[in-house]
Amino acid sequence: MLNLPHLDATSVTVYRAHVAHPSATEEQLCAMLGVPLDELRRAQRQLETLNLLRPAPNGLWVAVHPETASDLLLSEAERVLIEQRTAMASARARLDALTGDYLDALRDRPVNRGVESVEGQEELRAVIEELTLGCRSSVDAMVRISDQADRELLPEMQLDLAMLAGRVRVRTLMQRSGPGNLGAKYLRAISTAGAQVKSLTVLPACMLVFDGATAVLPLGPGGAPGHGVVIRDPAVLQLLTELFEQHWEQASDVADLATATSDAGPTDMERAVLRMMAAGKKDEVIARQVGVSTRSISRVIAALMQRLQADNRFQAGVHATANGWLA
């Protein structure tokens, strides 16, 4: 990193004098500028550090054009940057070249009758991320938060649904919960992101089904936290799909819960959005800071203004403050 000295007023004056009077001696420059000799030499050393002055064979100084000084000074830093970028591009290319080997080895992974055990939270997260990247048409999710094993999958579901909502069909069945708890907040977040959401009082399990071809389930009660199974067996997948469809038909639409919780306070994300709205930030800036798409933020803002019965952002800020939502 370059650590260049700052040119003060005296150094600038000395530089101008060297440009205007290239043959002037130090004594003449001191008399001309009214500065002591030690101050003149300090300025000259600073200008030399920046390549704006260079010593001449006759003991005087030669003033250098600022563009030439810049080229001399920054050429080494630019060379280092180019080398770093080249090294990064080379490393990326070498890693990308392994994609084919990874996919070939993945096809060779042994699977026991279409059911694969996944041990450990990190491994489970990697499996879900891999399925998310390869998903093309649909994700069906059951979210039940009544035991620890199901709760382990919630962060993964939230991440994946947020990424998928813009390009695939996402249907989520949520175990019905009261306003203000995790279930209600999670439900509002994913529905805002574009998922189709319904709720039931009781769900039989927690699962993710990608493209109707692969399912991820946490282990049942007593299973180690973060462990799960990946199912690709067609017969088992058909049963899981029928189970989902049966409960989907029986479930209530998310609008019912939204009506029931319309008087509830804002979620943490909604509160952050309100504060940024009050600060006058645009949708694009809010979306970038929250980490979602601009379209999703526009939906959040529209829903907040409707709940606050506000016609504009200023009015929304006034009503939110009156409700204690910005405290």
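What the table shows:
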{"read-out": "Contacts under 9 angstrom Cβ, first residue in region 291-314 being in the same structural domain as MET277 (by TED's automatic domain parsing), partner of a type in the set (Asp, Glu) and outside any helix (DSSP H, G or I), 6 or more apart", "value": "MET305/ASP311; ARG307/ASP263"}
{"read-out": "Residue satisfying condition, being part of a helix (DSSP H, G or I), at pLDDT below 90 and exposed (fewer than 14 other Cβ atoms within 10 Å of the Cβ), within set ALA31, ALA69, ALA91", "value": "ALA91"}
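The values are calculated or read from the model by the stated rules, or taken from the named source; none is laboratory data. Only a predicted model underlies this, so the values are computations on that prediction, with no experimental measurement involved. Virtual Cβ from ideal backbone geometry, glycine too; neighbours counted across all protein chains shown.
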